[in-house]
Structures are given as C-alpha cells and as structure tokens.
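Student: Just passing along the structure, written as structure tokens.
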Amino acid sequence: MQFALVSRLELDHLNSLFEAACAARAIPFAMICAGQAALAPLAPASAGRMLYCAAADRASVLLEKLLFTDGTAALHDPHFICDHPEILFRQRGLPTPRTVFAPAPDDAGLLRQVEWLGGWPVVVKQPGLEGGRGVALAHTLTALKSIPPGALIQAFIPHQRSWRVTVLGDQALASTAMRPPTGDFRANAPGFSIDAAAAVPAGLEALAISAVAALRLDFGGVDIIEREDGALALCEVNFPCAFDFQQQANGVDIAGAIVEYLARKL
C-alpha cells in the first residue's frame, strides 16, 4: 500500500501535511510532480495505491489520469468531467444564485439577461480557476462586454459572510466563516479573514454534503454564502482544495482523514 500525491513543489503547505499524515500511520508516501514523474519512487498499482492530486494545472490533472489504474483508490473518477457544476446543483434543487451560462453576443441581449438576474452589479465567473481568480463584479455594460470566452454571469447576492465547508464522504470535517479583505467581495481572495465567533447556520453542512455528492466527488471544499436574511446560497465546490488554513484554525486533521478514508476505500 502506498499514498501517491500528485502535486507541485510550491504547494508545500499541503504536501507537508500529507507526508506527515502518512508518516504517522506508517504508510509509504510518494510525491510525483509533472515533468519529474520518472524520478518518483512509485510502487505498482497492483500493490495497492491511494491517489490524490493536490494541483489543478493541466499537466498534473493529466498525470493523475495516467496513474488512475486498476488497484487505485481516489476521491473521484478523474475521467469524469463536469464543466458546468451549477447545472447539476440546480437540477438537484440546491439553492444557487441565478446563472446565465451563455452570455448574449449583443448589447440588448446582455441587458435582458442582467435584468433577469436582478440588475447590476452581476458576478462574472471564469470556470476552472481558484483562490478568487477569475471572479469579478461587473457594474456596467461596458465591463460585461469584455468578459473572457467561456465565462458565466450570476446574480450578485449581498451577504453577511461566506462559509468554506470541507466535506469527506458523508461528513463535514470543518466549517469556517470567512470574510473578504477590505474593498473586496470575494471571501476566498488573498487576505481574507476568519470569523471564529460565527455560529454555523442550520442546514449549512447538509447543503455542502449534497453539493459534493452531486459532482460525484468524495471530497471537496464547498463555498456557501450566508445571505443577509440568513438564507444560504451555494456558490461552488472546489476540488482539489486548499484546506491547510482550516486544519490549522479548526484543529482537524483533514490530511489524515483523507489518508484513512482512501485506505478504507482501497
């Protein structure tokens, strides 16, 4: 049995947590970086391999697919691609912001879509990015017309705070209230702060677990908005996700839980 971590060297804040979790459980650990895979001491999958990809770049994702063979336990099927998770959320009745998946090519069409979303401002979201990148507010038609291809637009929901709920299987391991940096609306942008005194709203963790299951994942970091009236709105599920700040703030051994989960699955 071996734990194989596909990652990048600059993700040491996560890599070190997995290495320590494996060491504490006497499980052999191997980290494989794209471009250096031939140098990794990788055991054959026939001996039992646990696989987790911590990096989201294309080369790492492809490497994960190559390593996902018979005898491998992972937290998802790397070959299942969901390019518009918001559609799956909506089909399952999960509360999500109103979304336009295909912005109109003309001014009149865009204005009708903005009106349907509830008016200005609207959120512009470029799929596939992380850490708040690719998410912005558009206040004018001029700004909206310059969005990149493939981006979607969503209703902007004023909110008290955002929550990151880290889910593994059918359990919420950690729920953390996050406030955006000054002058920003993105709670996961660099410089965010943690609201340790916030009480976990009713239904928050159940919503997060449902969102992860909707995307056929065993693990994910779920971002949920707590509106000013207390209602919840599901924004996205991050997989892979950075959970080191939660492990430190909440005292939950998330890396260890992942290792043990995959060992049971294997």
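Taken together, the values in this text are just the output of simple stated rules run on the coordinates, not laboratory data. The shown structure was predicted, so the numbers you read here are calculated from the model rather than taken from an experiment. Cβ sites come from the backbone with ideal geometry, for glycine too, and all protein chains shown count toward neighbours.
Student: Distance between Cα centroids, the stretch 100-152 to the stretch 187-243: provide it in whole Å.
Tutor: A separation of 22 Å, based on Cα centres.
Student: How about Lys65: which aspartates and glutamates have a C-alpha closer than 19 Å to its C-alpha, ignoring those fewer than 8 places off in the same chain?
Tutor: Within the straight-line cut-off, Lys65 pairs with Asp57, Asp77, Asp83, Asp218.
Student: Running a GNM on the chain with Cα contacts under 10 Å, which residue among Phe219, Phe80, Phe68 ends up with the highest mean-square fluctuation?
Tutor: In the Gaussian network model the winner is Phe80.
Student: Which whole-number percent is the relative contact order of the chain (Cα, under 8 Å, 6+ apart)?
Tutor: 19 percent
Student: Can you spot the lysines whose alpha carbon is less than 24 Å from Lys145's alpha carbon? Ignore those fewer than 8 places along the same chain.
Tutor: Lys125
Student: Give or take rounding to whole Å, what are the principal axis extents of the alpha carbon atoms in the stretch 135-266, in descending order?
Tutor: 53, 35, 26
Student: With springs only between Cα atoms under 10 Å, which of Gln247, Gln160, Gln91 fluctuates most in a Gaussian network model of the chain?
Tutor: Gln91
Student: What residue among Gly119, Gly256, Gly169 shows peak mean-square fluctuation when the chain is described by a Gaussian network model with Cα springs under 10 Å?
Tutor: Answer for the Gaussian network model of the chain: Gly119.
Student: Let me ask you something else. Rank the residues Ser210, Ser146, Ser162 as a footprinting-exposure proxy: fewest other Cβ atoms within 10 Å of their Cβ go first.
Tutor: Ser146, Ser210, Ser162
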